[in-house]
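A.B. asks: Dropping the structure in here first, questions after.
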Amino acid sequence: MNDVIVGCVGDLLVEIMRENVDDPLDKPGIFLGPYPSGASGIFIDAISRLGVKTSFIGTVGDDDFGKLILTRLEKDGVEISNIKVSKEYTTGVAFVTYFKDGSRKFIYHLSKAATGQIYPEDISPKKLSNLNFLHIVGSTISLNENCRESVKKAIEIVKSSNGKITFDPNLRKELLLNNYTKSLFDSIIANSYIVFPTEEELIELTGEKKLKSAASKLINMGPEIIAVKQGGRGSTVFTRGMHFYIPPYEENINVIDPTGAGDCYCAGFISGIIYGMDIKDAAFFANVIGALSTTKKGPMEGAPYIKELNKFLRI
């Protein structure tokens with residue numbers, strides 16, 4: 001366990017959210033934050049809190065938002081020496097509001113912000129060949145061409161070093177999936193050990209309407225495991241030989257902020273595998289981590305530390 005390293009090449013930003021549910025973004029009002037965020041950043045912070053060694057390649061601006069992110073990641077044990085600090089670009093920002101029906105609306109400043117300034121020259125065997133797992137999030141490759149090329153190079157390096165790729169499609173309507181990125185998504189899926197789609201993403205990626213047939217189509221592309229995130233309804237996991245449903249973890253859970261729960265689910269699942277759990281136990285553990293992450297405002301704030309999880313682990 002102590003020798004296993006999980007890495008990311010991905011997005012780092014701050015999130016600024018409306019104070020109250022149903023407050024629109026097109027009217028003046030009160031915001032909370034900034035909170036350190038970015039799907040890749042949430043994941044790497046969460047899995048680091050779970051006691052896994054981690055490293056990250058990305059970019060923040062040379063500003064207070066960037067400092068906020070780096071301070072949080074370093075505090076939680078992430079190796080940050082490969083995160084660039086840009087003097088030319090400001091740190092990425094996402095504004096978000098929540099609605100009573102559970103939906104969200106975002107306004108992003110990302111592709112032309114520091115978070116989008118990841119280039120193939122930032123990717124090297126020296127930085128990546130020691131990884132056991134490389135986690136890729138779809139929002140990163142939706143940013144721009146240089147991020148896509150960087151992710152492709154990172155996957156090649158890690159695969160050639162016998163590391164495993166895990167992939168969260170993380171589709172956002174604000175970050176459109178065009179034909180080129182769809183092709184890249186398919187290539188990443190084919191090279192992945194685990195894929196973590198939502199039901200909606202699974203349908204969009206496969207064109208199949210039913211969960212089982214969509215998962216079957218996706219797993220035939222190459223992954224060993226498809227872990228379908230179903231939010232408050234739990235998760236369903238598919239392999240080539242079986243599939244099973246894990247109900248949501250609801251004990252003492254008061255949902256305050258669901259942002260990042262899916263990223264924390266991925267962290268829980270992968271850390272469970274690293275800790276030697278079987279797939280069913282890893283999926284249950286992932287549900288626990290995802291649920292606990294929703295109990296505080298801010299996408300990184302609710303993710304638990306390993307020392308808080310004795311009743312779920314024997315390590």
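A.B. asks: Take the residues in the stretch 42-60 that are assigned to a helix (DSSP H, G or I) and out of contact with any Leu (no Cβ under 8 Å at 6 or more places or on another chain); name whichever of them is surrounded by the fewest Cβ atoms within 10 Å (Cβ to Cβ).
C.D. replies: Per the stated criteria, the residue is R49.
A.B. asks: Something else about it: In the stretch 179-216, what residues are among the hydrophobic types (A, V, I, L, M, F, W, C) and closer than 17 Å to I165 by Cα? Walk me through it before giving the result.
C.D. replies: Narrowing the stretch 179-216 to residues among the hydrophobic types (A, V, I, L, M, F, W, C): 184-185, 188-190, 194-196, 202-203, 205, 211, 214-215.
Result: L184, F185, I188, I189, A190, I194, V195, F196.
A.B. asks: Please go through the stretch 233-263 and give me each residue that is among the small types (G, A, S) and buried (at least 18 other Cβ atoms within 10 Å of the Cβ), ordered by number.
C.D. replies: G234, S235, G260, A261, G262
A.B. asks: Just to be sure I understand, how many residues within the stretch 29-49 are among the aromatic types (F, W, Y) and either under 12 Å from V96 (Cα atoms) or free of Cβ contacts under 8 Å to residues at least 24 places away in the same chain (or both)?
C.D. replies: Looking only at that region, the number is 2.
A.B. asks: While we're on this one: Among the residues of the stretch 190-211, which ones are touching a Pro at 6+ places or on another chain (Cβ under 6 Å), not in a loop (DSSP other than H, G, I, E, B) and not β-branched (V, I, T)?
C.D. replies: Let us first name the residues in the stretch 190-211 that are touching a Pro at 6+ places or on another chain (Cβ under 6 Å), namely 192, 195, 197, 201.
Those left that are additionally not in a loop (DSSP other than H, G, I, E, B): 195, 201.
Once the filter is applied, which keeps residues that are touching a Pro at 6+ places or on another chain (Cβ under 6 Å), not in a loop (DSSP other than H, G, I, E, B) and not β-branched (V, I, T), the stretch 190-211 yields only E201.
A.B. asks: How about the stretch 81-110: which of its residues are farther than 16 Å from V14 by Cβ and surrounded by 15 or more Cβ atoms within 10 Å (Cβ to Cβ)?
C.D. replies: Within the stretch 81-110, N82, K84, Y98, K105 qualify.
A.B. asks: Which residues, counting only those in the stretch 131-145, are at pLDDT below 95 and more than 26 Å from G231 (Cα to Cα)?
C.D. replies: N144, E145
A.B. asks: Related question: Among (1) surrounded by 23 or more Cβ atoms within 10 Å (Cβ to Cβ); (2) farther than 29 Å from N162 by Cβ; (3) in contact (Cβ under 8 Å) with a residue 40 or more places away in the chain, where does C266 come up short?
C.D. replies: The one condition C266 does not meet is (2).
The values are calculated or read from the model by the stated rules, or taken from the named source; none is laboratory data. Being a predicted model, the structure only gives us computed values, none of them experimental. All Cβ positions, even for glycine, are placed from backbone atoms using ideal geometry, and neighbour counts span all protein chains on display.
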